Structures are given as C-alpha cells and as structure tokens.
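Notes follow once the structure below has been shown.
The values are calculated or read from the model by the stated rules, or taken from the named source; none is laboratory data. Remember, predicted model here, so these are calculated numbers, not experimental data. A quick note on method: Cβ atoms are made from the backbone with ideal geometry, for glycine too, and the neighbour counts reach across all protein chains shown.
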Amino acid sequence: MIEPVRRMAYQLYARRLRAQLVDVSLPRHVAMAMDGNRRWARQMGFDDPRLGHRYGAEHMHEVLSWCAELSIQHVTLFVASVDNVRKRASDEVEHLMRMIEEVVAEPLLRPGNPWQLHVAGRPDVLPDSTRHALKLAEEATGARGGNFHLTVAVGYDGREEIVNAVRSLLEQEAQTGATVDDVAQRLTAEDIAAHLYTGGQPDPDLVIRTSGERRMSGFLLWQAAYSELYFCDVYWPGFRKVDFLRALRSYAARSRRFGG
C-alpha cells in the first residue's frame, strides 16, 4: 500500500512543479554533467560499479524526452573527459566506450527520434569503434534538420578546446597570409568561439551537475561563462523528473545579469 501512495504523491508533486513552469522563461539550451554513475551502482548494491555507466547511458534518453516535452531544443551532455579515457582502468574505459556505442549512439538512429547529434571532443583519443559509431550517428541524424540538437561531449577537455580553437584560428588566418600581429589587432571573442567544438551553437543557459560535486571539471569553460549553474545531490542514474523540474524552477526564478 505504501508504494502506490508514494507514487501518487510523486506524480502530484511533479504536476505541481510543472504547473509552476507555465508562462515562465525556460532555458533554450541545457547542459548536463552526468556525474555519479559508479557511486550510484555501489549505492544500489551492484558488485560491479561499471554497471552504473549502462544505467546512466540509458537514463540519458529519458532525460532527453523531458527536454523535448518542454521544447528545450539544445542539450549538451558531458559523457567522458579526456582524463576518463586516458587515466581510468582499461577494462572500465572499454566498458564505457561500449556503452557510448550501444546505448548512446545506436538509439539515436531509430525512426522517430527527433535529436540531431553533434560530437564535441577529441576523436583521436577514442577507440576506432566508438569514433565510427558516433560519426555514423552524427551523419545519419544530420539529415533530420529538426529543432532538437544534442551535443555529446566525449574525449572532452574545456582547456584543450580553447587551445585547439586558437590554434585552428591562427592556422586559418595564416593560410590567407595574415601575420600574428594582424590577428592580434582584430581578434575578438566571437572569432575564437567560431572555432570551438561547439561553433555555431548557442551557449548554454543552464548547466546542471549531478552527484553533489560543486565544480565544472573542465566542462564548457568558455561557453558557460554566463550560464546559470545548478548542482544536484542525486547521482545521475537516480536523477528524477522532479529533480529536473526543480532545476528549471530555480533557473526561472533567477535574474540573469550576463556579467553586469
């Protein structure tokens, strides 16, 4: 009897939160650091904490459905950093990459999925199979031309992204015969932004990080300069719709100053 009552109370609370978001300003672009997969698996009593990656990857698609329901058209998800790929145990990295291929990339190919995939990060640090799966999904979903854009940050580091953007800009300018002094005299933030992994996409309005950590960990360091930040104590696989709605309610209650 307790469980049905609890479920009903949850549904009522979710509807109440949703009602509070009517006629308020919602973010156009939400970025999320999906943190705490392994800790969630340990909390749930799994012998193998790597299983948290599978549950976390599967949960990603549920969260995307919440975003689509609220007409949030741009979502960026922090899946794996460069350090995740380079420094974790090889068997864990292999498991994580398989989850990206099977649980992140493949479902995006299914008919009716509205999301167009973009990949942000360094493909050279990924296994060939993972790089191929993401490229295939990116090309296949690119033909949709819809309103929903999903950016997956994998093999990603925000500082490296900025360095690579500046390098790319200088190389482009050098091809036109411009000198470093020429570039320095007219360089703007917009010039660098155009060469980021996310060039051409809007900056995130709201950045959510799960697991209770209160830091960016190199996630969208340039793009999130004026983003609203929201830190949630629950681990990513346990991130509920009410947690998401609370984040949106917090965002709607803020007065954005954009550095002013």
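Among the candidates 239, 219, the residue that is under 17 Å from the mean Cα position of the chain (by Cα), crowded, with 21+ Cβ neighbours inside 10 Å and closer than 17 Å to residue 81 by Cβ is uniquely 219.
Within segment 188-203, if we keep just the residues that are assigned to a loop (DSSP other than H, G, I, E, B) and touching a helix residue (DSSP H, G or I) at 6+ places or on another chain (Cβ under 7 Å), the residue that is nearest to residue 56 (Cα to Cα) turns out to be 197.
If you go through segment 141-182 and keep only what is touching a helix residue (DSSP H, G or I) at 6+ places or on another chain (Cβ under 8 Å), among the hydrophobic types (A, V, I, L, M, F, W, C) and at pLDDT 95 or above, you end up with 148, 150, 152, 154, 162, 165, 166, 169, 170.
This table checks each residue for (1) of a type in the set (Phe, Trp, Tyr); (2) touching a Leu at 6+ places or on another chain (Cβ under 8 Å); (3) over 13 Å from residue 219 (Cα atoms); (4) not in a helix (DSSP H, G or I).
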site: 146; (1), (2), (3), (4): no, no, yes, yes
site: 151; (1), (2), (3), (4): no, yes, no, yes
site: 155; (1), (2), (3), (4): no, yes, no, yes
site: 159; (1), (2), (3), (4): no, yes, no, no
site: 164; (1), (2), (3), (4): no, no, yes, no
site: 167; (1), (2), (3), (4): no, no, yes, no
site: 171; (1), (2), (3), (4): no, no, yes, no
site: 184; (1), (2), (3), (4): no, no, yes, no
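Does residue 68 satisfy being small (Gly, Ala, Ser) and surrounded by 21 or more Cβ atoms within 10 Å (Cβ to Cβ)?
Values: small (Gly, Ala, Ser): yes; surrounded by 21 or more Cβ atoms within 10 Å (Cβ to Cβ): no.
It is false that residue 68 is small (Gly, Ala, Ser) and surrounded by 21 or more Cβ atoms within 10 Å (Cβ to Cβ).
Would you check which residues across segment 72-129 are within 17 Å of residue 37 (Cβ to Cβ) and hydroxyl-bearing (Ser, Thr, Tyr) and list them? Result: 81, single match.
Residues of segment 44-75 that are without any contact (Cβ under 8 Å) to a residue 24 or more places away in the chain, part of a helix (DSSP H, G or I) and farther than 16 Å from residue 241 by Cβ: 51 alone. Figure legend. Inter-residue proximity from segment 196-224: first residues more than 22 Å from residue 149 (Cα to Cα), second residues surrounded by 21 or more Cβ atoms within 10 Å (Cβ to Cβ) and among the polar types (S, T, N, Q), beta-carbon distance below 8 Å, spacing 6+ or different chains. Indicated pairs: 217/81.
Name the residue that is modelled with the highest pLDDT, counting only residues in segment 71-87 that are farther than 14 Å from residue 149 by Cα and surrounded by fewer than 17 Cβ atoms within 10 Å (Cβ to Cβ). Step through it out loud before you land on a result.
Here is the first cut: in segment 71-87, the ones farther than 14 Å from residue 149 by Cα are 78-87.
Next, only the ones that are surrounded by fewer than 17 Cβ atoms within 10 Å (Cβ to Cβ) stay: 83, 86-87.
Values: 83: 92, 86: 89, 87: 87.
Taking the candidates together, the pick is 83.
Looking across segment 183-196, the residues that are surrounded by 13 or more Cβ atoms within 10 Å (Cβ to Cβ) and either of a type in the set (D, E, K, R) or under 17 Å from residue 161 (Cα atoms) (or both) come down to 191, 192, 193, 194, 195, 196.
Out of all the residues in segment 130-158, which are within 17 Å of residue 73 (Cα to Cα) and more than 12 Å from the chain's Cα centre (by Cα)? Selection gives 138, 141, 142, 143, 144, 145, 146, 147, 148.
Does at least one position in segment 174-182 carry a residue that is crowded, with 16+ Cβ neighbours inside 10 Å and in a helix (DSSP H, G or I)? For segment 174-182, residues crowded, with 16+ Cβ neighbours inside 10 Å and in a helix (DSSP H, G or I): absent. If you go through segment 94-140 and keep only what is part of a helix (DSSP H, G or I) and among the charged types (D, E, K, R), you end up with 94, 98, 101, 102, 106, 124, 128, 131, 135, 138, 139.
For the condition within 17 Å of the chain's Cα centre (by Cα), under 25 Å from residue 146 (Cβ atoms) and at pLDDT below 95, residue 123 qualifies.
Within segment 204-260, being within 16 Å of residue 28 (Cβ to Cβ), assigned to a helix (DSSP H, G or I) and either modelled with pLDDT under 95 or in contact with a helix residue (DSSP H, G or I) (Cβ under 9 Å, 6 or more places away or on another chain) (or both) holds for 244, 248.
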